[in-house]
């Protein structure tokens, strides 16, 4: 897990100004993937409203980037009782262990925020997510077409905080050239075409 960011992509937290990237990631998911992620059909307006909530004060979003594009997401909702997390990985990037790594990041982040439990929800047919949850020690409850997974979290340690900070810094450094390019482009004046006043 440590220094995952230097493998085939990188992990880092999203900021509020990256709401369009988060919505664009969800829009690239198939209708079935969206249903598995949100447990209901989602319109564009629903995705935008959910992205605002995910990037709000009581939640955190950890993204997985490949070639500078957000391709996987774990959004984590925190409160005093515990945390709830949800996951999405674009179809072309499944089967590479990204979901497993996103869940590991979510579990560690929740521990570091003082949560004692983390809950996930998915559908019965989402066997990859169910398998990942079992791998990480979830207690699973099957209720109709839905599956709820509960994780009991150990208290945070110095090592979990160091791993979180190191991973975040690695992701920020890896992503810096892309972000700097966007900032410079935003600051540069528009280029005027020759012959215009």
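The values are calculated or read from the model by the stated rules, or taken from the named source; none is laboratory data. Since we're looking at a predicted model, the values are computed, not measured. So basically every Cβ, Gly included, is an ideal-geometry build from the backbone, and we count neighbours across all protein chains shown.
Tell me whether segment 174-195 contains one or more residues that are under 20 Å from residue 64 (Cα atoms) and either modelled with pLDDT of 80 or more or in contact with a helix residue (DSSP H, G or I) (Cβ under 8 Å, 6 or more places away or on another chain) (or both). Looking through segment 174-195, at least one residue is under 20 Å from residue 64 (Cα atoms) and either modelled with pLDDT of 80 or more or in contact with a helix residue (DSSP H, G or I) (Cβ under 8 Å, 6 or more places away or on another chain) (or both). Mind checking which residues of segment 140-161 are surrounded by 12 or more Cβ atoms within 10 Å (Cβ to Cβ) and either part of a helix (DSSP H, G or I) or in contact (Cβ under 8 Å) with a residue 12 or more places away in the chain (or both)? Result: 146, 147, 148, 149, 150, 151, 153, 156, 160, 161.
Any residue at all in segment 84-95 that's farther than 26 Å from residue 115 by Cβ and touching a strand residue (DSSP E or B) at 6+ places or on another chain (Cβ under 7 Å)?
From segment 84-95, those farther than 26 Å from residue 115 by Cβ are 90-95; that's our starting set.
Among the residues that remain, those that are also touching a strand residue (DSSP E or B) at 6+ places or on another chain (Cβ under 7 Å) are: 90, 93.
There is at least one residue in segment 84-95 that is farther than 26 Å from residue 115 by Cβ and touching a strand residue (DSSP E or B) at 6+ places or on another chain (Cβ under 7 Å).
Applying the condition of being in contact with a helix residue (DSSP H, G or I) (Cβ under 8 Å, 6 or more places away or on another chain) and farther than 17 Å from residue 36 by Cβ to segment 129-139 and asking which residue is surrounded by the most Cβ atoms within 10 Å (Cβ to Cβ) yields 136. Counting the residues of segment 65-83 that are more than 16 Å from residue 38 (Cβ to Cβ) and either assigned to a strand (DSSP E or B) or in contact with a strand residue (DSSP E or B) (Cβ under 9 Å, 6 or more places away or on another chain) (or both) gives 9. Here residue 96 meets each of (1) within 20 Å of residue 134 (Cβ to Cβ); (2) touching a helix residue (DSSP H, G or I) at 6+ places or on another chain (Cβ under 6 Å); (3) in contact (Cβ under 8 Å) with a residue 40 or more places away in the chain; (4) outside any helix (DSSP H, G or I) with one exception, condition (2).
If you check residue 62 against the conditions, is it in a strand (DSSP E or B) and touching a helix residue (DSSP H, G or I) at 6+ places or on another chain (Cβ under 6 Å)? Spell out how you get there, then give the answer.
On the way: in a strand (DSSP E or B): yes; touching a helix residue (DSSP H, G or I) at 6+ places or on another chain (Cβ under 6 Å): yes.
Against the criterion (in a strand (DSSP E or B) and touching a helix residue (DSSP H, G or I) at 6+ places or on another chain (Cβ under 6 Å)), residue 62 qualifies.
Whether a residue is at pLDDT 95 or above, in contact with a strand residue (DSSP E or B) (Cβ under 6 Å, 6 or more places away or on another chain) and within 20 Å of residue 121 (Cβ to Cβ) was assessed, and residue 54 passes this test.
Please find, among 102, 107, 118, the residue that is in contact with a helix residue (DSSP H, G or I) (Cβ under 6 Å, 6 or more places away or on another chain), surrounded by 14 or more Cβ atoms within 10 Å (Cβ to Cβ), on the phi < 0 side of the Ramachandran plot and modelled with pLDDT of 95 or more. Quick ask: steps written out before the conclusion?
Details: 102 fails: in contact with a helix residue (DSSP H, G or I) (Cβ under 6 Å, 6 or more places away or on another chain); 107 fails: in contact with a helix residue (DSSP H, G or I) (Cβ under 6 Å, 6 or more places away or on another chain).
Result: 118 is the single residue among 102, 107, 118 that is in contact with a helix residue (DSSP H, G or I) (Cβ under 6 Å, 6 or more places away or on another chain), surrounded by 14 or more Cβ atoms within 10 Å (Cβ to Cβ), on the phi < 0 side of the Ramachandran plot and modelled with pLDDT of 95 or more.
Listed by first and then second residue, the pairs linking a residue in segment 51-68 that is in contact (Cβ under 8 Å) with a residue 60 or more places away in the chain and at negative phi to a residue that is surrounded by 14 or more Cβ atoms within 10 Å (Cβ to Cβ) and part of a loop (DSSP other than H, G, I, E, B), with Cβ atoms under 7 Å apart and 6 or more places separating them unless they lie on different chains, are 65/9.
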